[in-house]
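As structure tokens, the structure follows; a few thoughts come after it.
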Amino acid sequence: MTPDFNDVHVPVLAEEVVALLGGSGDTLDPSGLIVDATLGAGGHSASLLECFPRIRVIGTDQDPSILECARKRLEPHGDRVRLVQCRISELSRLLRKLRTERPVGFLFDFGASSLQLDTPSRGFSFQEDGPLDMRMDPCRVRTAADVVNTWDEEDLADLFYHEGGEKRSRPIAAEIVRCRSRAAFHRTGALAELVVRIVGRTGKIHPATRVFQALRRAVNEEGEELLAGLETAEHWLADGGVLAAISFHSGEDREVKHFLREGVARDCWRLEPKKPIQASREEQRKNPRARSAILRGAVRVRGEDECE
Ligand SMILES: C[S@@+](CC[C@H](N)C(=O)[O-])C[C@H]1O[C@@H](n2cnc3c(N)ncnc32)[C@H](O)[C@@H]1O
């Protein structure tokens, strides 16, 4: 039976992404190339390929198992799609190697996929026990257990505070250091329990959400990867080509906003739309992940000296 991919990862703001990449720039080149740099299960790419019969897609993801899922989903589109396992920071090298033309669109849907978050053996889950791993690319050397067991107390506290927004970062880090001197952390369950013990069960979200988010960001170097992605889009996009970037927390969105604002000042980008887009109430109701999603769009403007 063909899997219903929307059951495993529902793409957020799909209509808005299609509208942005398909028309709000200086019109889509009918034979243009779109780079989906965080392909995931391929939901956004599938919509783009269906809506615009003459575009082609290069889809990349650092996670080989997710890429396999997308391969099955995008099979009906044949050679209009090329899938490659690759980190965002390796994308520029890949495009050079493939000798592609300048893409007319770049899509980034940052963060992790539900397929990763909801599989306990991948180690992202605080709801179900699993190995404390969190690597999206299995070739990465550092796991979440390495961070938890080797970083010093102050660095852990700073990580939880800055990358997760955890206000109780200092007592959590102190308790981790105290406990790991007796036995190292290897399981998500033990870490989640510790955080619940310190933070208590208040509020709507699970108390370990912020610490787990911070660890995931450190393990996968998400901040560095985001910046590398935006720089790659600026370097490669065709004149009038469109960037669509979806972030899932305020720190991530701040980075995108700052990059684009500075790019507008350099006359490299035009914000389009001017304000970020959020999911409709209806979408938020159907898909809770969409509640924190923020989509920003911008058109690449190349002055005469930049156009070949
Ligand atoms: C939110 S999901 C994308 C979902 C996708 N848009 C869809 O419609 O199914 C993010 C994906 O980006 C991938 N990813 C995250 N950071 C990456 C990076 N630095 N390089 C390559 N892929 C990355 C993850 O492995 C994950 O599959």
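When the range 130-145 is limited to residues that are in contact with a strand residue (DSSP E or B) (Cβ under 9 Å, 6 or more places away or on another chain) and part of a loop (DSSP other than H, G, I, E, B), the one that is farthest from Arg170 (Cα to Cα) turns out to be Asp137. Taking the range 146-257 as the region of interest, the helices (runs of 4 or more DSSP H) fully inside it that hold 2 or more residues being closer than 26 Å to Glu128 by Cα are 153-164, 169-180, 188-199, 209-219. The residue of the range 1-28 that is modelled with the highest pLDDT, among those that are among the acidic types (Asp, Glu) and either surrounded by fewer than 20 Cβ atoms within 10 Å (Cβ to Cβ) or touching a helix residue (DSSP H, G or I) at 6+ places or on another chain (Cβ under 6 Å) (or both), is Glu15. Within the range 66-96, how many residues are without any contact (Cβ under 8 Å) to a residue 12 or more places away in the chain and either touching a Pro at 6+ places or on another chain (Cβ under 9 Å) or closer than 20 Å to Glu225 by Cα (or both)? The number of residues fulfilling the criteria is 3. Restricting attention to the range 50-64, the residues being more than 19 Å from Leu95 (Cβ to Cβ), in contact with a helix residue (DSSP H, G or I) (Cβ under 9 Å, 6 or more places away or on another chain) and either of a type in the set (Val, Ile, Thr) or at pLDDT 95 or above (or both) number 1. When the range 98-117 is filtered for residues that are in a loop (DSSP other than H, G, I, E, B) and either within 14 Å of Val57 (Cα to Cα) or without any contact (Cβ under 8 Å) to a residue 40 or more places away in the chain (or both), the ones remaining, listed by number, are Arg99, Thr100, Glu101, Arg102, Pro103, Val104.
Checking each residue in the range 65-97 for being near the ligand (Cβ under 10 Å from one of its atoms), assigned to a helix (DSSP H, G or I) and either over 12 Å from Trp236 (Cβ atoms) or touching a strand residue (DSSP E or B) at 6+ places or on another chain (Cβ under 6 Å) (or both) picks out Ser65, Ile66, Leu67, Cys69, Ala70, Arg73, Ile88, Ser89, Glu90.
Considering only residues that are modelled with pLDDT of 95 or more and buried (at least 18 other Cβ atoms within 10 Å of the Cβ), which ones fall in the range 117-145? If the condition is that a residue be modelled with pLDDT of 95 or more and buried (at least 18 other Cβ atoms within 10 Å of the Cβ), then Arg122, Gly123, Phe124, Gly130, Leu132, Asp133, Met134, Arg135, Met136, Thr143, Ala144, Ala145 are the ones that fit.
Results for (1) assigned by TED's automatic domain parsing to the domain that holds Leu91; (2) within 16 Å of the ligand (Cβ to nearest atom); (3) in contact with a strand residue (DSSP E or B) (Cβ under 6 Å, 6 or more places away or on another chain), shown as yes or no for each residue.
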| residue | (1), (2), (3) |
| --- | --- |
| Leu107 | yes, yes, yes |
| Gly123 | no, yes, yes |
| Glu166 | no, no, no |
| Gly189 | no, no, no |
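Filtering Glu193, Glu234, Glu175 for residues that are at pLDDT 95 or above, surrounded by 17 or more Cβ atoms within 10 Å (Cβ to Cβ) and acidic (Asp, Glu) leaves a single hit, Glu234.
Conditions (1) crowded, with 17+ Cβ neighbours inside 10 Å; (2) in contact (Cβ under 8 Å) with a residue 12 or more places away in the chain, marked per residue:
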site: Ala238; (1), (2): yes, yes
site: Leu243; (1), (2): yes, yes
site: Glu252; (1), (2): yes, yes
site: Glu262; (1), (2): no, no
site: Asp267; (1), (2): no, yes
site: Pro273; (1), (2): no, yes
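Checking every residue in the range 51-64 against the condition of being in the same structural domain as Ala245 (by TED's automatic domain parsing), away from the ligand (no atom under 13 Å from the Cβ) and in a helix (DSSP H, G or I) gives at least one match.
The values are calculated or read from the model by the stated rules, or taken from the named source; none is laboratory data. Please read these numbers as outputs of a predicted model, since none were measured by experiment. Ideal geometry is used to build each Cβ from the backbone, glycine not excepted, and the neighbour counts take in all protein chains shown.
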